[in-house]
Amino acid sequence: MELSTFAPLGRHARRLTAVAAVTALAPVAALAQDCTPDEWPCDTVEVVSHSSAGGGTDTTIRMWMEEARDNLDEDIRVVYKQGGGARSAHEYLVSRGPDGHTIFALTQTHLYTIARGNSPVEIDQLQGVARAMDDPSVIVVRGDSDIADYDALIAASQDQALTWGVAQVGGTEHIGISRWAGAADAEVRVVPFGGGGDMITSLRSGAVDAALANISEALPQIQEGDLRALAVLYPERVGDLPDVPSTFESGHDVAVTTTRGYFVHGDTPPELVEKIEATILEAMASERFHEYLRSSGLDPEKNIAGAAEWDEQLKAEYEVSLEALRALDMTDR
């Protein structure tokens, strides 16, 4: 079921009917042309989330939004467009057009939906403006697993197919494990559990042998000994897990990260893109946002990025995702 909810910060929520939304399309599409970079914002700024309130995407938005509100003359609020694996958000992108006042939160879910042909937009209709985090993935097993280290994992994976927990088939963990297995010549079998939390719970209960988890989510359980980290799928070791090797050290050059960033319509005037980028980066420079990243085991200097770096990354990740889905026979593109 598609959910479409407006959730302003510090103000009463209000809903737009379908008729009102259609009526508003024409003036919204023209807003960018009537609003110069010096005047921006000329109306309420919407940050669109494809995920539910209270989740990681929502929390990340709110960690910088309050700072942005203090720096803007107009209001800024979160709008939820859930359904279809980001398809509803993409439909909203089409309806709003390059209005200069609609910013979209992005995770890899958007890329998979486009790559599978389930979206009304193509990748070039997304213009990256800022990256909030680039959270590396770590291979984990139970704290009492017989698999002691990365070499043991490789050996075990070549004897037989180990079972790996994933949140969902065709999601970040599934695609990442598939790519890693190809590089490491490993046999794998994936079991979907519907969500990251259930996936880790099942791993700890012994239902699966291993899993791929975000460092930000798995770090506390690794530190407590409930999970054992075997390797990070990242070009280098990460600061909070200095003794955990990178898969690149073994020649398995597969990087898997969970990214959260922001984009606007691809036809948004470059001058407005720069203004939006500067606004978000200024808000992310706050100590509050930096502490949010640090508490998740992430280095603000390495995670926050501007439009040029982020747009290049999301387009490259789309191509990687497309090839992985083709290998899994999950797209006819």
message = So H290 ticks every box in (1) farther than 22 Å from G195 by Cβ; (2) out of contact with any Phe, Trp or Tyr (no Cβ under 7 Å at 6 or more places or on another chain); (3) open to solvent by 40 Å² or more (accessible area, probe 1.4 Å) but one. Which box is left unticked?
response = (3)
So D159, is it of a type in the set (D, E, K, R), open to solvent by 10 Å² or more (accessible area, probe 1.4 Å) and at pLDDT below 95 = yes
message = Looking at A278 and the list (1) closer than 24 Å to W40 by Cβ; (2) touching a residue at least 60 places away in the same chain (Cβ under 8 Å); (3) assigned to a helix (DSSP H, G or I), which single condition is not satisfied?
response = (2)
query = Assuming D311 fulfils every condition listed in (1) within 15 Å of the chain's Cα centre (by Cα); (2) surrounded by 17 or more Cβ atoms within 10 Å (Cβ to Cβ); (3) farther than 11 Å from A130 by Cβ apart from one, which condition is it?
reply = (3)
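Residues are listed down the side, and each one gets a yes or a no for (1) in contact with a helix residue (DSSP H, G or I) (Cβ under 9 Å, 6 or more places away or on another chain); (2) modelled with pLDDT under 60; (3) over 25 Å from A285 (Cβ atoms); (4) of a type in the set (K, R):
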| residue | (1), (2), (3), (4) |
| --- | --- |
| F6 | no, yes, yes, no |
| A26 | no, yes, yes, no |
| C42 | yes, no, no, no |
| G84 | yes, no, yes, no |
remark   = Within the range 168-219, the count of residues that are closer than 19 Å to L322 by Cα and small (G, A, S) comes to 7
task = Could you list, in sequence order, all residues of the range 162-188 that are over 20 Å from T331 (Cα atoms) and either open to solvent by less than 40 Å² (accessible area, probe 1.4 Å) or under 23 Å from the mean Cα position of the chain (by Cα) (or both)?
result = L162, T163, W164, G165, A184, A186
query = Out of all the residues in the range 136-151, is one or more among the polar types (S, T, N, Q), under 22 Å from E312 (Cα atoms) and at pLDDT 95 or above?
reply = yes
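Answer with yes or no whether V78 is modelled with pLDDT of 95 or more and not basic (K, R). Spell out how you get there, then give the answer.
Details: modelled with pLDDT of 95 or more: yes; not basic (K, R): yes.
The answer is yes for V78.
The values are calculated or read from the model by the stated rules, or taken from the named source; none is laboratory data. In this text the structure is predicted, and so the values were computed from the model without any measurement. Methodologically, a virtual Cβ is constructed for each residue, glycine included, from the backbone with ideal geometry; neighbour enumeration extends over all protein chains shown. Side chains included, ligands, DNA and RNA excluded: accessible areas come from the protein's heavy atoms. Shrake-Rupley method; radii C 1.70, N 1.55, O 1.52, S 1.80 Å.
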